[in-house]
Ligand code: ADP
């Protein structure tokens, strides 16, 4: 987060009038809405959220205990901004973009600091800059001037900041530079460094938002197969405690085919975030073998950190995502959990004594959530490249009740809904995403991609699976009343097929070396094998073979081993041919 920059306007300092948790009021402060201020003798970072006459209300992003009336408040005159430039990746930040390792060095602890400022990107480190334009070239805002190998996996593009004028390049050279050294000069008089700042509450400009048509492939069968999210799409994962939100988010962070992952841990328990902080740096990007962190930026605001910073961590995350989008990258942002952010809004709102809306959340809850998700999308950037930001928000409804305001308001906005289900989790069906309740509004617009890249009959085969699972759902009601044996044989067979769909296809073990990731081709072939069983079985039934005999063929249980099969192509070829031989052998 940016240090205050002295502006030319002379600003009067204010004085604290009252302190109520994260909400502080000050008098005599010359400020505008959303200005960043430093509060109290320690200079805690805060943001102006209300101005009434001579009284200014500030939400403070740091713990305020011990801060009292009469202490000074200093206005920076600047909105809350992030520092952007090389060095964002492979870094772990707190909620106000202070690198946690730097804080640790300065404070001896990552979580007990106050009033310590650290720049969001390393100002001393040098980077190897290689120009991609020459002197005499004309450049416009957003245009790429040169490149920096930021990490093993990612080339950072140094761009003309969007709020610059642009012009003809008068000087540019390659070399080792710190982020604040000038790498290019323009005839407009503008000097360009690798360091940009951007106000977090303002979406970075783009030329156009386009309709996304490429999936963000997750390697998770139920997602890619039934409820895909687009690159540039939005998804919500609501689920009660213990239902698998975190495992799903981690799986996406590891496996989604995004170039960059921004992981925002917002108000979750410290130990969960610690797990992320400790785990991620150890992990390899399964596709490249390079460290996963080299394409990842982690923002960690745990439940023991001040609540107001939950909001800033969400906005910081999305702004960093947009910055990489501007370079032409596909970025996936995961926010775990947006409910904790909403709770922070509720707390601040109640301290402000605003008129409460549903369940005490402020009336602007829906607007804030939609403002955040609106920043996702597939964009034509101002420099002509195409980039995307996909946003996946976890929601933690108390008691798993999806009718509560945060879940409901989120559902009105996002286009993919992965409903986690406590019953499935209890039955150890993982990922415990409920296939009856979940949906994806991207299915149709993504179908052409699956048809071109995976299989021509992808939509039909998927529809067959959906119909079979629907039918199972209806049949289950009857089974509960009269028992399975009372059903006609064809319905018994449908139940058997549906069981394989659930157990062999929808279940996927995140902790199994092979099963953890399933490429779309394998997802399709696995489904195809179950359909082979289905088609052969129904033919046999029609020929008069009793259903028990069909169910009992030796090859059938091998369907359950497809997920963990390493040489899946061969495994499935053989299985399909054995299923056909054995079932046909019955008549
Ligand atoms: P939440 O974040 O919703 O509280 P977690 O993501 O921590 O829940 O999941 C709880 C537990 O469920 C995990 O520790 C793990 O044992 C199990 N689990 C969840 N998803 C999977 C999965 N895809 N594969 C295997 N186990 C899973």
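What to note about this one:
- Cα convex hull of the stretch 485-544, projected area averaged across orientations, nm²: 4.8
- Viscosity 0.890 mPa s, temperature 25 °C, Stokes-Einstein D of the stretch 330-419 from Kirkwood C-alpha radius, µm²/s: 172
- Antiparallel DSSP beta bridges within the chain, percent to nearest 5: 70
- Over the C-alpha trace of the stretch 437-580, radius of gyration and Dmax come out as 15.8, 45 angstrom.
- By average C-beta atoms within 10 angstrom, highest first, the peptides 505-515, 373-383: 373-383, 505-515
- Fewest neighbouring Cβ atoms within 10 Å first, the residues 421, 180 line up as 180, 421.
- Scattering profile of the stretch 128-245 at q = 0.11, 0.12, 0.15 Å⁻¹ [log10 I(q)/I(0), Debye over alpha-carbon scatterers]: -0.57, -0.64, -0.82
- Stokes-Einstein D in µm²/s, Kirkwood radius over Cα pairs - the stretch 382-488 at 20 °C with 1.002 mPa s viscosity: 124
- Rounded to the nearest 0.05, the FRET efficiency derived from the C-beta distance between residue 15 and residue 371 at R0 = 30 Å is 0.40.
- Its Cα gyration tensor gives the stretch 522-587 an equivalent ellipsoid, and the semi-axes of that ellipsoid, as √(5λ) in whole Å with the largest first, are 22, 10, 9.
- With helices as the sole contributors, the chain gives -9500 deg cm²/dmol at 222 nm; each DSSP H run of n ≥ 4 counts as -39500 (n - 2.57), and the sum is divided by every residue.
- Radius ratio Rg over Rh of the stretch 372-445, counting only Cα atoms, Kirkwood formula for Rh: 1.07
- Overall Cα dimensions of the stretch 277-356, principal axis frame, Å, largest first: 52, 30, 14
- Whole-angstrom Cα spans of the chain along principal axes, big to small: 93, 58, 41
- Antiparallel DSSP beta bridges within the stretch 319-440, percent to nearest 5: 55
- Computed over the stretch 212-357, Cα set: Rg, Dmax in Å: 15.9, 53
- Considering all different alpha carbon pairs of the stretch 184-233, the Kirkwood hydrodynamic radius works out to 14.9 Å.
- The tail of the calculated P(r) for the stretch 127-181, taken as Cα-Cα distances beyond 12 Å, holds 66 percent of the pairs.
- Peptides 233-240, 65-72, 577-584, ordered by how many other C-beta atoms sit within 10 Å of their residues on average, highest first, read 233-240, 577-584, 65-72.
The numbers here are math on the coordinates, done by the rules we state, and not lab data. Since the structure is predicted, the reported quantities are computational estimates derived from the model, not experimental observations. Virtual Cβ from ideal backbone geometry, glycine too; neighbours counted across all protein chains shown.
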